1. Estimate the FRET efficiency between Asn202 and Ser173 by the formula 1/(1 + (r/R0)^6), using the beta-carbon distance for r and 41 Å for R0, to the nearest 0.05.
2. Jot down the per residue volume, in cubic angstrom and as a whole number, of the convex hull over the alpha-carbon atoms of segment 154-307.
3. How big is the shadow of the Cα convex hull of segment 202-256, averaged over all directions, in nm²?
4. Given 10 °C and 1.306 mPa s, how large is the Stokes-Einstein diffusion coefficient of segment 265-406 in µm²/s, with Rh as the Kirkwood radius over Cα pairs?
5. On a full-extension model of 0.36 nm per residue, what is the gain between Ser415 and Arg354, subtracting their alpha-carbon distance, rounded to one decimal in nm?
6. Over what distance in Å are the Cα centres of segment 244-312 and segment 118-135 separated?
7. For Thr226 and Leu391, what is the calculated FRET efficiency with R₀ set at 56 Å and r taken between the beta-carbons, to the nearest 0.05?
8. Based on the Cβ-Cβ distance of Leu163 and Leu53, what FRET efficiency does E = 1/(1 + (r/R0)^6) give at R0 = 41 Å, to the nearest 0.05?
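Please treat every number below as a calculation from the coordinates, not as lab data. All of these numbers come straight from a predicted model, not from anything done at the bench. Reconstructed Cβ throughout: ideal geometry from the backbone, glycine too, with neighbour counts over all protein chains shown.
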Amino acid sequence: MDIQQFWQNALDLWGTLDQHPLLHAGLGLSVLLILALVLGRAARFLILHAVKLLCRQPALHWFNDLLQNKVFHRLAQMTPSLLVQFGLKLVPELSATSQHFLGNVALAFTILFLMLAISALLDALLQIYARTEHARTRSIKGYVQLAKMVLYVFGAIIIVATLIDRSPLLLLSGLGAMSAVILLVYKDTLLSFVASVQLTSNDMLRVGDWIEMPQVGADGDVVDITLHTVKVQNFDKTIVSIPTWRLMSESFKNWRGMQQSGGRRIKRSLFIDAGAVRFVTAEEERRMADVRLLGDYIARKRNELHAWNEAQGQVADMAANRRRLTNIGTFRAFALAYLKSHPDIQPNMTCMVRQMQTTAQGVPLEIYCFTRTTVWADYERIQGDIFDYLLAVLPEFGLSLYQQPSGNDLRVGLSAKALAPQLAEDKLG
């Protein structure tokens, strides 16, 4: 009896609303909005639950990327605005003008959430692409950022056109008149996009490349390539952000070729004191012939020099007319043989020891070869071991390294000069 009485009172109250159209329409809109929000929550729960079930299938593992980037969340958020948009016709006492305005607002929200869903989809596709082999050589992050920028611009135009109830083409025509301003505002974006396309299409830069660009303080590995910037992590762990367009307008060094070749170049000189260069004596020649790395060289040079000197006749008896071994030439042959026998030197690449033009610092002997590894720490170790040994073996050939006089050398020299008169007196006494 109480339920029947309550229902009758509710019907009477609803009938009285016909006398108050604004209250009737407001109550109807409130009911529609609450219903849309409740159904939106239900739709979100059902969609996400269904997607999680699909994610368990191995063949549909990419659904996890869509889920993590909230693609389905954005699609579910469109449900309330769609229900409001199509449910306005059921609201009683609602004028056509109000219905049209509220419909445009609901449509604008629908477009907004659709735009966010497409943006999230682009992020998910980028994440899926990042796991492929092609992502190691070609980055599409710049293209995705440009697509999102275009999406946001056109989405904003459509939303504004919907709210003011005008054609989007009208706004686009207005943007055409502002093209000069747009080009000025987005100058860096356009330049960076063109540079990004050229860098990618010509395979000039990849994530993971070691590049050098001293003018911006970059010397390290490329960690990210975006539309506007290229991020380089230097070896001191600092991050340098380089505008993408600068990589096309300015030069930079890419060490990828060295890394792919499997060998890293050693190019360093030993500066030999020119005063120590001389001919090798017969005793030194016999001693050097017992050196394993020099045995073949000494034997070959003996025959070559003997044949040449014999061909000169009696004039070869003079020292200036004879060809003889020099200590610097013998050391050069020893260093080359040492490099070719070294287990960490790449045998299939250029390997030589060459004498450069004499300078004020002595006679440069340049070591030019390639290591078997490109790992920085190993490369420095190998290079250090080679030069440690060559520096230590120089006295065996009667050679010494050039070194500019230090303060201690000057003190010793001045002390010796000061003691010279006293030593002369002691000797006479």
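1. 0.65
2. So the per-residue Cα hull volume is 239 Å³.
3. 3.4
4. Calculated translational D: 96 µm²/s.
5. Here the answer is 18.0 nm.
6. About 52 Å separates the Cα centre of segment 244-312 from the one of segment 118-135.
7. 0.75
8. 0.60
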